[in-house]
Amino acid sequence: SSNEHKLNFTKSKEACLSYIQDALLQKQWKRAAEFLTCYVEALEKDYSREHIGPSEMIWRIGTEILWHHSQSSMKEFSCFMEQMKTLGVKRYLKVCLEHVFHLLCNGQIDEAYQNLSLAESWRFGEQTAIQDKEMKLIQAYRGLLDYHNWSKQKNILLEHGEDGFSDLAVEQEMHGYFRKAAVNLKEIIKIPGVWDVFVKCYVDLLEFYGDHNEARQVLNEYAYNSKFPANPNAHVYLYQFLKRQGESKKSLISALKILHDIVPSHELMIDFNTMLQKSKKRKKRRLGLEVIFTALDYAGWKENAKAWSCLARQMKQIVISEKHLDWIKQEWNSRKDWWPAFHFSRYLAKRNWQENKSLSYEKALVAGILLGKDCKYFKYVSHQGCKAQLKRFRMLKKFVNRHNLVYLRISG
Amino acid sequence: RDFNERCAQCSEVNWGLTDGGGFYCRSCHNVIERTREVVNTDFITNSRVQTISKGSKKQEKNEGGCEWYVCEGFQLVLKKQVEALEALGVHPQMKDEILCNFWRCYLQKSKQAYCKRPAAEAVKALSVCESSTDVDSDPERPSLLDLLSLSESEGDLQTDCSFASSVSKVSESTSVCSGSVDGSLYLMKNQKEKLRMTMPMTLSFCYMALLWMREPITLSEFLRFVVEGHIPYLNVFQHFPEKMKLCGLDLKIFCVESWPVYEEVFNKMHELAAFLDLPRFPDITESCFLHPDMLCMKYLMEANLPDELHNWTCRVVKKIGIGEVDFLTLTPGNKSTGRVKYDVLAAAVIVVVLKLLFLLDDHYEWLLSEFAEERNKNNTEGGPYFEFKRWYEVVKHSLDVKQKKLDEERAKYLWRCEKPLFYSINKKSKVLKRRQMVVNLQNQFGKLSGSVQRAEKPNPSSFQLSWSEENTDGSCFHGHSLKGVLQEKRGFLTPVNPDYWLCTVKLCNERLCGHLAHYREVEFPQTYHFVLGLFSFLLRIQPSCIHEEVCMIEHKLFNKKLYKKLKYNTVLRK
């Protein structure tokens with residue numbers, strides 16, 4: 001609040017906006033509506049020089065309020081959106097699109113579809129060309145809804161199929177949706193961007209109709225075309241597709257390589273390591289070790305028993321063969337200062353033992369190799385395990401005792 | 001208007017109507033016997049002032065509109081304003097005699113009426129040369145394009161340019177660039193000598209009349225009433241008759257998009273008084289509301305300060321001579337006296353008195369307050385001593401609440417009205433559509449505002465803060481005693497506080513920077529800032545304004561001492 005006693009239209013509306021902003025941030029929808037009521041007359045004044053004019057403000061603020069206000073209905077909301085569409089022709093398609101999103105969030109798929117179709121047929125001189133991007137999005141989302149409809153028909157068909165009925169009408173409808181969907185989905189994924197949901201749907205369609213070549217091409221483009229932004233999911237989709245197709249381990253591994261680079265903590269790293277461990281190529285096995293160590297650097301993996309078992313298995317194998325201990329040494333070098341506290345504290349030993357015995361088993365194995373039989377973690381767990389007379393823990397103890405000097409070589 | 005006889009004195013045919021409906025010759029002011037019943041002049045029905053007519057009586061059939069001049073519009077505005085003042089209790093004499101005459105005098109002096117060559121003819125002359133040349137060919141005369149600066153134009157269409165360039169003879173063009181006949185002329189000509197009329201100036205007129213009548217209302221109060229909507233100002237054009245079409249440049253003249261500024265209205269008023277060659281205004285004596293003694297009493301009450309302080313304000317007023325009739329009364333044209341901001345002056349006197357008694361250096365006033373508190377705890381008889389701290393807490397709390405409310409009102413202020421404004425006829429439909437949308441949205445979101453209804457305009461009140469002695473929580477300080485800060489010396493009561501600090505050692509040269517002094521909050525004690533803030537809120541003006549006045553008073557008060565001792569530090573002993 002200022003001591004300014006002068007006031008003009010512009011300042012007054014600026015102040016009004018800041019009150020609205022505060023109310024929105026505090027989720028006081030009634031209060032926001034109160035001030036918005038006073039703000040709307042700004043529409044009657046020209047702000048063509050401003051970056052964001054009152055019509056856009058009112059659209060965005062009004063949307064927020066109507067969406068969250070307890071007394072506002074979907075009908076009111078749609079009515080408001082229609083008004084907003086008439087307010088700014090330069091924003092028309094954007095408003096349409098956001099309206100569709102809200103409808104979808106509210107489960108009104110049919111209305112959303114109608115709005116998309118309507119928007120698609122919109123023409124307005126040179127604006128049509130200027131708003132080309134939005135138009136593409138609108139077509140893409142309509143394609144998505146076509147996919148949704150296709151999917152529904154497909155399920156109906158499958159059900160009938162089980163019952164022994166065949167329904168020609170449904171089948172034809174289904175193919176119709178496929179054609180419409182395919183056209184639009186294909187178009188949008190040509191443009192560099194993040195189109196995960198569109199890609200997935202399109203690939204699903206292609207696979208159903210047996211066009212695996214096209215699917216593969218699409219996924220490759222999506223993952224490897226440098227014009228597209230780096231997207232871990234692209235690689236995941238490609239990998240899953242290749243797996244479904246029964247491709248060779250070699251191509252599966254190469255699909256996951258970039259994923260490891262971008263997101264070393266990705267859950268597929270387990271699959272990745274598993275494949276790499278079993279490889280005949282030394283380089284690949286080496287990479288596998290790196291992959292699993294790196295994944296376990298992340299806090300989210302601390303209690304992942306599967307991951308630990310992968311690491312344990314690989315390390316056990318290396319220790320038994322007595323080859324490539326330097327690999328472990330290399331990996332351990334950068335971790336020996338902080339992994340003990342991070343993974344192998346006494347507290348964690350107790351907790352892991354209490355909560356998940358398999359987890360503690362695997363971890364104890366790793367700890368024993370890396371830190372020797374006298375380390376806190378191993379000592380506690382193996383002691384507990386032997387006390388509980390669990391066979392594998394006795395085996396574990398023996399194993400680590402036998403290879404106790406290994407840790408000296410690793411940490412030396 | 002239909003009367004075509006030649007005037008006996010000057011042989012011209014140029015008649016107007018007087019108040020009583022009689023005819024008079026506008027060229028030589030010869031009044032004749034003939035009277036006429038007040039004709040339905042089509043739009044000014046109750047006007048006491050002359051109608052202004054062109055030579056021809058051609059009426060625009062354009063949408064039922066008619067020709068009207070800008071000053072006629074202002075006349076209507078003034079009429080509305082003075083009627084509102086009357087409703088607030090101002091003496092009706094102000095409307096019928098004072099303001100009326102002021103206005104007539106103004107019209108005459110600015111050559112818009114009552115004179116040999118009314119502005120109408122000047123307009124005609126202008127249009128003749130305009131029609132023969134291309135508007136753009138004269139680089140010196142600003143084109144209508146410039147007048148309609150883009151910031152005022154509507155929407156994103158560029159058609160504003162197209163209609164502005166098609167200027168034709170004034171008699172045909174009334175609907176093109178302005179609804180009024182001389183709207184463009186009003187904005188175009190160099191008006192420096194003629195004191196062109198503006199919306200803020202209507203307030204200057206009103207205030208001038210109020211001052212002449214010595215009505216019990218200060219300028220700050222008057223302007224506050226304007227902002228609160230009790231005096232028509234913001235959208236007063238919506239009361240213009242249907243036939244007076246407003247569009248184009250009229251909007252620039254009659255549309256208001258900012259609150260009136262005290263300084264502006266004040267200065268304009270003085271300019272006006274000089275322009276009109278008015279004589280010395282009626283005397284402002286001690287019994288007048290505007291006299292510092294009176295206003296100090298009012299403000300002391302409103303600020304919840306002890307009544308006893310009034311003795312001190314009177315002493316200061318007397319000492320520096322600002323209670324003198326000659327000082328307070330306005331004599332137009334005399335630059336050295338009479339430019340008195342009565343309200344600011346009174347507030348500043350109170351501030352000085354507070355400084356005299358409490359020092360207000362962020363230390364001493366709290367010390368005094370502690371003594372008073374002690375005394376009040378131990379001794380409850382004889383009425384409480386004034387405790388600065390308690391006063392501060394109580395007043396600050398109320399002030400904060402009021403200030404917060406005021407800030408919200410500023411943000412919620414509605415500027416537009418039902419009557420649509422458009423620059424040209426071809427924009428009308430767009431404007432109306434927009435208006436409709438605004439109304440729809442207001443309804444929609446208004447419903448979602450919950451139980452908060454737009455409150456009815458509160459009745460205008462002279463006091464913004466009120467304190468009641470009946471409150472048992474002791475939040476009213478009027479009756480508190482100043483004994484705690486006074487002592488007896490040689491039979492006189494003097495402040496316990498021996499010191500005083502000057503706001504500024506040297507006053508600025510007003511001609512150079514426009515001010516006597518400059519105020520920066522960080523350079524002064526917080527308490528001083530608080531006190532300034534309090535009166536700043538009550539008067540709705542900047543603290544620096546009051547600060548300036550305080551400086552002026554201090555320099556009068558300590559005049560001798562200042563010139564005697566050339567000291568560098570600003571603390572003087574009284």
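Relative contact order of chain A, please, whole-number percent, based on alpha carbon pairs below 8 angstrom and at least 6 residues apart.
Working: 381 pairs, mean separation 26.1, N = 412.
Worked out over chain A, it gives 6 percent.
I want to check the label-to-label distance for residue B:507 and residue A:191. Put each point 7 Å from Cα in the C-beta direction and report it in nm to one decimal.
7.0 nm
Please list, by residue number, every one of the trypsin sites (Lys or Arg not before Pro) in the range A:1-41 that is coil in DSSP and has at most 10 other beta-carbon atoms within 10 Å.
On the way: sites: A:6, A:11, A:13, A:27, A:30, A:31; in loops: A:6, A:27.
Passing sites in the range A:1-41 are A:27.
In what sequence, highest mean first, do A:32-41, A:254-263 appear when ranked by Cβ atoms within 10 angstrom? Display every interim value, and only then the final one.
Numbers: A:32-41: 25.3, A:254-263: 17.5.
The densest-packed peptide leads the list: A:32-41, A:254-263.
Could you pull out the GluC sites (Glu not before Pro) across the range B:417-522 that fall in loop regions by DSSP (anything but H, G, I, E, B) with no more than 11 other Cβ atoms inside 10 Å? Mind dumping the intermediate values first?
Numbers: sites: B:418, B:456, B:469, B:470, B:488, B:510, B:521; in loops: B:418, B:456, B:469, B:470.
For GluC sites (Glu not before Pro) across the range B:417-522 that sit outside H, G, I, E and B with at most 11 neighbouring Cβ atoms in 10 Å, the list reads B:418, B:456, B:469, B:470.
Calculated FRET efficiency, residue B:440 and residue B:402, Cβ-Cβ r, R0 35 Å, to nearest 0.05?
On the way: r = 34 Å, r/R0 = 0.97.
In this case the efficiency is close to 0.55.
Enter the mean number of other protein chain beta carbons within 10 Å of the beta carbon of each residue in A:7-17, as an integer.
Values: counts 11, 5, 8, 2, 5, 10, 3, 1, 6, 5, 1.
Per-residue shielding by partner chains comes out at 5.
Between beta-carbons, use under 13 Å as the cut-off and find the net charge around residue A:177, counting Lys and Arg +1, Asp and Glu -1. Provide the component values of the computation, followed by the final result.
Numbers: positive: A:142, A:152, A:154, A:179, A:180; negative: A:146, A:171, A:173, A:204.
So the surrounding residues net to +1.
Taking the alpha-carbon distance from residue A:45 and a cut-off under 17 Å, which lysines remain once sequence neighbours fewer than 8 residues away in the same chain are dropped?
Candidates past the 8-residue exclusion: A:11, A:13, B:252, B:412, B:419, B:427, B:428, B:430, B:433.
Please give the average number of partner chain Cβ atoms lying within 10 Å of the Cβ of each residue in B:247-260, rounded to a whole number. List each step's numbers first, then the result.
Values: counts 0, 0, 0, 0, 0, 0, 0, 0, 1, 2, 6, 7, 8, 2.
Average per residue, whole number: 2.
If the only charges are +1 at each Lys and Arg Cβ and -1 at each Asp and Glu Cβ, what is the size of the charge dipole of the range A:284-412 around the Cα centre, to the nearest 20 debye?
Working: 27 positive and 10 negative charges, 119 e Å.
Charge dipole, the range A:284-412, about its Cα centre: 580 debye, nearest 20.
Can you pull out the GluC sites (Glu not before Pro) in the range B:179-272 whose DSSP state is coil and whose Cβ has at most 16 other Cβ atoms within 10 Å?
On the way: sites: B:193, B:221, B:228, B:242, B:257, B:263, B:264, B:271; in loops: B:193, B:242, B:257.
For GluC sites (Glu not before Pro) across the range B:179-272 that sit outside H, G, I, E and B with at most 16 neighbouring Cβ atoms in 10 Å, the list reads B:193, B:242, B:257.
With 19 Å as the limit, write out which pairs from A:190/A:227; A:323/A:376; A:278/A:323; A:186/A:257 have Cα-Cα distances beyond it, or answer none.
Numbers: A:190/A:227 10 Å; A:323/A:376 27 Å; A:278/A:323 15 Å; A:186/A:257 27 Å.
Beyond 19 Å: A:323/A:376; A:186/A:257.
Between 0 and 90 degrees, rounded to the nearest ten: what's the tilt of helix A:232-244 against the longest Cα principal axis of chain A?
70 degrees
Of A:306/A:350; B:79/B:341; A:329/A:373; B:79/B:404; B:80/B:318, which sit over 29 Å apart, Cα to Cα? If you can, show how the numbers build up before the last one.
Working: A:306/A:350 19 Å; B:79/B:341 26 Å; A:329/A:373 17 Å; B:79/B:404 35 Å; B:80/B:318 40 Å.
Violating the 29 Å limit, Cα to Cα: B:79/B:404; B:80/B:318.
Bear in mind that the values in this text are calculations on the coordinates, not laboratory data. Because the structure is predicted, anything quoted here is derived from the model rather than measured. Methodologically, a virtual Cβ is constructed for each residue, glycine included, from the backbone with ideal geometry; neighbour enumeration extends over all protein chains shown.
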